[in-house]
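The values are calculated or read from the model by the stated rules, or taken from the named source; none is laboratory data. Note that the coordinates shown come from a computational prediction; the quantities given were computed from them, not determined experimentally. Cβ sites come from the backbone with ideal geometry, for glycine too, and all protein chains shown count toward neighbours. When the accessible area is computed, the model is the full protein with side chains, heavy atoms only, and any ligands, DNA or RNA have been set aside. Shrake-Rupley method; radii C 1.70, N 1.55, O 1.52, S 1.80 Å.
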Amino acid sequence: MATLELRNLYEKYVKWVSGNPSALGDVEMTVKWLSYFIAGKINKSSAVSELVYSLSNLLVFFNDRIIERANLGAVAAVAGTDSSQLAKYIKTALTTLEYCEVFIELSAKKVWGARGRWFFIVVVQTIKCIGRLILTLCCRGNKIVKNPPIPALDRRNLAESLPEANGAETAAAAAGTFHDHNQTVLLKRSGRVMRKVDGAPPVVARSWKPLRHEVTAVYPAQYEGRFIRSAELMYILKPMVHLECVRRYGMDSWKSYLVALAIDVASLRLYYKKREDLSRDQKQELSRRCVSMLLYLMRSPFYDRYSKQKIAGLLTAIGNNVPLVGTVSNLILSYIPHWQETYFYMWSS
C-alpha cells in the first residue's frame with residue numbers, strides 16, 4: 001500500500017515537473033542560494049552547506065532527466081547526438097560524482113581526518129579519470145568531454161527550440177535532404193560523412209550542397225585526429241599527475257603548481273592548432289577551459305605570495321569608495337580563505 005502511494009506521488013511529481021519547468025527553476029534556485037547563506041553558519045561546518053549545494057545540483061540533474069524523457073524525440077533532435085548506452089551510463093555517473101565530490105572530500109576530512117580526505121580525493125579522481133578515458137577512447141562522439149559531462153538543459157529556450165527542430169526535420173524530409181544512418185557512412189579516421197550510392201535523392205530534389213551541412217543533426221562536426229586526442233589525454237591525466245606531484249613535493253610547492261599549469265597550457269595549445277575542425281559544443285568547452293585558467297591566480301603558492309594581498313586591497317578599496325558595497329566586499333573577503341582552500345585546487349578544473 002505504501003509502495004503504491006509512493007508510486008502515485010512520484011507520477012504526480014513527474015507530471016508536474018514536465019509541465020512546469022519555469023516554476024521548477026525558481027524552486028531549484030532557491031535551494032541553491034540557501035547553501036550560500038548557511039555556509040559555515042551551522043556548527044561552523046562547510047560540509048552542511050556543501051551537502052545542500054550538492055543536493056540542489058542533483059535535484060536539477062534529476063528534474064532535467066524527467067523533462068528529457070518527456071520530450072525524448074524532440075530533445076534528441078535539438079541536441080544532435082546519438083550517444084551509446086555505455087556513454088550515457090558513464091556520463092551520468094561522472095556528472096553525479098562531479099556534483100558530490102566536494103561534499104565527499106569535506107565529509108571524509110571531518111570523519112577520518114587529512115588521511116581520509118586524501119584517500120577519497122585519489123579514489124574520486126581515479127574513477128573520473130577512468131570514465132573520461134573510456135569516453136574519449138572507446139565512445140564515438142565524445143573526444144572532448146564536457147565538465148560536467150551532462151550539462152543542464154536550457155529549459156527557457158526548450159519550448160521554442162523543439163517546434164523549430166521538428167519543423168526543420170519535416171521540411172528536410174520533404175525536400176529529400178534529410179539522411180539517416182542507413183543512407184550515410186561515417187569514416188572513422190577523418191570523421192567525414194559519405195553518402196551511399198543508393199542513398200542519393202533524385203536529381204530534381206538534390207541541393208548540391210556538401211553532405212556535412214545536410215546531416216549536422218545526425219553527425220555533429222567532430223575532429224578525431226591525433227592532435228586532438230593527445231590534447232584530451234593530457235587534460236584527463238593532469239589530475240593524477242598533479243596528485244603525484246603533491247605527494248612528492250607538497251601542496252604548496254612551485255613544482256606541483258607549474259607542472260599542472262604546463263599540462264593545461266600544452267593541452268590548450270594543441271587544441272587551438274586544430275580549432276577550426278571542432279564542433280560548436282567543443283569550441284564552447286574549449287573556451288570554458290581557457291577561462292578556468294584564471295583559477296591559477298587563486299591557487300597556492302601563487303595566491304599566497306602574489307594574489308592574496310592584491311585581491312584583498314582591491315576589495316577593500318571598492319568597499320570604501322563605492323556606496324552600499326562595503327558589506328558585500330567584506331563578506332567576500334571573509335569567504336575567500338574558505339573558497340581558496342576548498343574549491344580552487346588543481347584537480348577540480
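Things to note:
- In summary, residue 243 fulfils each of the numbered conditions (1) open to solvent by less than 50 Å² (accessible area, probe 1.4 Å); (2) closer than 25 Å to residue 149 by Cα; (3) out of contact with any Lys or Arg (no Cβ under 6 Å at 6 or more places or on another chain); (4) modelled with pLDDT under 70 with the single exception of condition (4).
- Qualifying residue in segment 301-310 (condition: assigned to a loop (DSSP other than H, G, I, E, B) and in contact (Cβ under 8 Å) with a residue 40 or more places away in the chain): yes
- Segment 301-345, residues that are of a type outside the set (Phe, Trp, Tyr), within 29 Å of residue 244 (Cα to Cα) and at pLDDT 90 or above: 301, 304, 305, 307, 308
- Residue 289 being of a type in the set (D, E, K, R) and loosely packed, with under 12 Cβ neighbours inside 10 Å: no
- When residues in segment 256-286 are screened for being open to solvent by less than 30 Å² (accessible area, probe 1.4 Å), outside any loop (DSSP other than H, G, I, E, B) and farther than 15 Å from residue 231 by Cα, 2 of them pass.
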